[in-house]
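Below is one structure, written out as structure tokens, with a few remarks after it.
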Amino acid sequence: MVDPNRVGEPSRQEFAQQWGGSGSVVDLDGPVHWVEYGADTGSPPVVMVHGLGGSHLNWVRIAPVLAERTRVLTVDLPGFGLSPSGRRRTGVGANAKVLHRFLRDVVGGPVILMGNSMGGMISLFETAAHPEMVSALVLVDPALPVAQRIPDPRIAAQFAMYFTPFVGERFLQYSSRKLTDRQLVQRMIDLCFAEPSRASEDSLDAAAALAGYRRGLPSEDAAFLQASRSLMRVLARPRRYLDTMRSIAQPVLLLHGDRDRLVPVAAARKVATANPRWDSVILGNVGHTPQLEVPDTMLDHVLTWVDRHGLIDA
């Protein structure tokens, strides 16, 4: 069990072993941390990519189960989790390049790519730019251009502050100082879950321990703001992004919670209609991170889809 009260850098193995994984680091112009579950079965491995402010911990409730069928890797993008940004950029484009290098240099062959939120956007760009590296794509409440419905006013105001120079920096400094590590995590759960009571205690403890470690990193806020501003610039000019979606020939599964406050379900429905070759599932009474909130339900949909397309050997 990861101790949220422990001071100093948490061991990557301490995090990984709690759920049966193994933590590693590779140098991609700076350290990139990932956790591996399961073994090579001959089927394409699954690589999972977290969203803005997330980490490998976002996948701990589904990765060990999926690893019973194939190798699974959960990566921390630079600026997040246990991958410090250093001098690297942390915007969508920069982290898409890091993800590509990770797939090419660490994983090797084509993968089933699974991305949540910003990680879904990055996974879409990787799939379109390097189709030889991706055999199939799972999008979990990906960041999408907002449809006709106005987004949650509190969320819109928060991201407007992130986007504004100086204001974003001050907002993060002020809000993080007045909250404990566990409160920071609970605030994120309240934002991303439809029903916060569904959060598991062990994943909350691990996230609090990681938050405590990251609080002391000098570049944490800068990395987050750079990524969030990059994300918003992509969404503000959606044509290239929507064209990227239409260009993808691989099988795509879109999963989206109908109570997602960050990416309204109307945006997911619009994208699904525009891409009729995709398979799409709207999850009832679920928020922005179904892999943490309703892991069993999400796994049922993913495995049914995987088996229907013959993506992983039984």
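The values are calculated or read from the model by the stated rules, or taken from the named source; none is laboratory data. Source: prediction; values computed, not measured. Neighbour counts are summed over all protein chains in view; Cβ atoms, including those assigned to glycine, are modelled from backbone coordinates with ideal geometry. We work out accessible area using only protein heavy atoms, side chains counted, and drop any ligands, DNA or RNA first. Shrake-Rupley method; radii C 1.70, N 1.55, O 1.52, S 1.80 Å.
I need the shape label for the range 16-123. Rule: rounded when a/c is under 1.5, else prolate if a/b > b/c, else oblate, with a, b, c from the alpha carbon gyration tensor. Since a/c reaches 1.5 and a/b is larger than b/c, the shape of the range 16-123 is classed as prolate. Amide H contacts for S43 (H built 1.01 Å from N in the peptide plane; partners 5 or more residues away or on another chain; cut-off under 5 Å): D313. Note the listed values (1) 17.7; (2) 15.3; (3) 14.3, then indicate which one is mean projected area of the Cα convex hull in nm² calculated from this particular structure. Answer by label: (3). Of the residues V271, G257, W19, the one whose Cα sits farthest toward the positive end of the charge dipole of the chain, with +1 on the Cβ of Lys and Arg and -1 on the Cβ of Asp and Glu, is V271. Sorted on the mean count of surrounding Cβ atoms within 10 Å across their residues, most packed first, peptides 269-277, 292-300, 207-215 read 207-215, 292-300, 269-277. Inter-label distance, T180 to T304: 4.1 nm, where each label sits 7 Å from its Cα along the C-beta direction.
In the chain, helices alone account for a calculated mean residue ellipticity at 222 nm of -13000 deg cm²/dmol, with every DSSP H run of four or more residues adding -39,500 (n - 2.57). Paramagnetic label reach from R87 (point 7 Å along Cα→Cβ; backbone nitrogen cut-off under 18 Å): within the range 183-221, residues 218-220. Taking amide H atoms as placed 1.01 Å from N in the peptide plane, the amide H of S83 lies under 5 Å from those of H33, each 5 or more residues away in sequence or on another chain. In the context of the full set of protein chains, the chain has a per residue accessible area of 43 Å² (1.4 Å probe). Compared with the alpha-carbon gap, the fully stretched path from R215 to D27 is longer by 65.4 nm at 0.36 nm per residue. If R0 is taken as 22 Å, the Cβ-Cβ distance between R233 and A266 corresponds to a FRET efficiency of 0.50. Packing-based ranking of 178-191, 31-44 yields 31-44, 178-191, ordered from highest to lowest mean Cβ neighbour count within 10 Å. Below 9 angstrom from the Cβ of A207, what's the summed charge of the other residues (Lys, Arg +1; Asp, Glu -1)? So the environment of A207 carries a net charge of -1. So for the range 38-152: antiparallel DSSP bridges make up what percent, rounded to the nearest 5? Of the beta bridges lying entirely in the range 38-152, close to 5 percent run antiparallel. Applying 1/(1 + (r/R0)^6) with r as the Cβ-Cβ distance of D313 and V146 and R0 = 41 angstrom yields a FRET efficiency of 0.55.
Suppose R0 equals 41 Å. What FRET efficiency, 1/(1 + (r/R0)^6) with r the Cβ-Cβ distance, do R101 and S197 give to the nearest 0.05? It comes to 0.55.
Of D205, D76, D105, the residue with the greatest mean-square motion in the GNM of the chain, using alpha carbon springs below 10 Å, is D105.
Among beta bridges from DSSP that stay inside the chain, the antiparallel ones total about 30%.
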